[in-house]
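Colleague: This is the structure I have questions about; it appears just below.
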Amino acid sequence: MKPFLLYCDLGSEGANRKVTFYVDPGSASLKTYAVSANSSGRAEKVLTADNSWVSKTYFACQDYNSGEVSGYDASVSVSKNNGPDVSISIETDKIAHGWHVPVTVSSDDPEGDNFSCKYRINSGSWINTVKEGTFTIQPPNYSFIIGSNTITVECTDSYDAKGSDTKTLIDYAVPDKPPYSLSPDQAVLEAKDSYQFVFGGFADPSPDQKFHYRVIIDDNSD
């Protein structure tokens, strides 16, 4: 919610006199602000509404000398300030340990306020980014632990309203030597026969994960 100016004119005779502004946000507590008028008899107070002022909020200006409210009552309808909308999109929810994963973040503020975002992995430190709208972050691989990880993005607008989203990413260990089997099960490969190698051991490998194998056929003639 944007700041607004509350003022009270006491006229030339009210130069440098003290006034009290009263702010009554209805369900919230009554607030008072003591201000001195300037040499022209004008007293000013800059206020910023918060989310407790969601209905009509009443204002009054009281002359400190006379104790009377000089008729400068006013009211304004205050609406709730909503935090930014935040959405995380990950290319895959499972990766092999040590792999990077790009994370796309879409964010927008319903009131059009300026905002900034930050992210963190699990309970680690927040990493700030000043980007708005749609952007991509690439968390370092050392931020992830083997097992379940949470990626949280939080965006805060210029009036401290927040929005966030969290996604879970599974990071699993990869064996040094992927297991394999030979079908049919034979210790020696006969020439001119067909065989199938089956490599496994990965419950749900990353789609980007690649392994290279070399099969040597030797006729034992040397």
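Rule-based calculations on the coordinates, nothing more; no lab input. What you see is a predicted model, and the numbers here were worked out from it, not measured in a lab. Counting neighbours? That spans all protein chains shown, and the Cβs are built from the backbone with ideal geometry, glycine included.
Colleague: Give the order of L169, L30, L47 when sorted by the count of other beta carbons within 10 angstrom, beginning with the fewest.
Modeller: Numbers: L169 20, L30 10, L47 17.
Fewest-to-most Cβ neighbours within 10 Å comes out as L30, L47, L169.
Colleague: Starting from the Cα of T168, step 7 Å along the direction of its Cβ; do the same at L5; then give the gap between the two resulting points in nm.
Modeller: Each label point is offset 7 Å from its Cα along the Cβ direction, giving 5.4 nm.
Colleague: Using only the alpha-carbon atoms of region 85-172 as identical scatterers, what base-10 log of I(q)/I(0) does the Debye formula give at q = 0.13, 0.14, 0.15, 0.25 Å⁻¹?
Modeller: Ignoring solvent entirely, the Cα scatterers give -0.40, -0.46, -0.52, -1.24.
Colleague: Mind ranking 106-117, 148-159 by how tightly packed they are, going by the mean number of other C-beta atoms within 10 angstrom, highest first? Please report the intermediate quantities before stating the final value.
Modeller: Numbers: 106-117: 16.8, 148-159: 18.5.
Packing order, densest peptide first, comes out as 148-159, 106-117.
Colleague: With a Förster radius of 45 Å, plug the Cβ-Cβ distance of N16 and K80 into 1/(1 + (r/R0)^6) and report the FRET value to the nearest 0.05. Spell out each step's value before the answer.
Modeller: Details: r = 39 Å, r/R0 = 0.86.
The formula returns an efficiency of 0.70 here.
Colleague: Contact order normalised by length for region 85-172, with contacts defined as Cα pairs under 8 Å and 6 or more residues apart; what percent is it?
Modeller: Numbers: 196 pairs, mean separation 32.3, N = 88.
37 percent.
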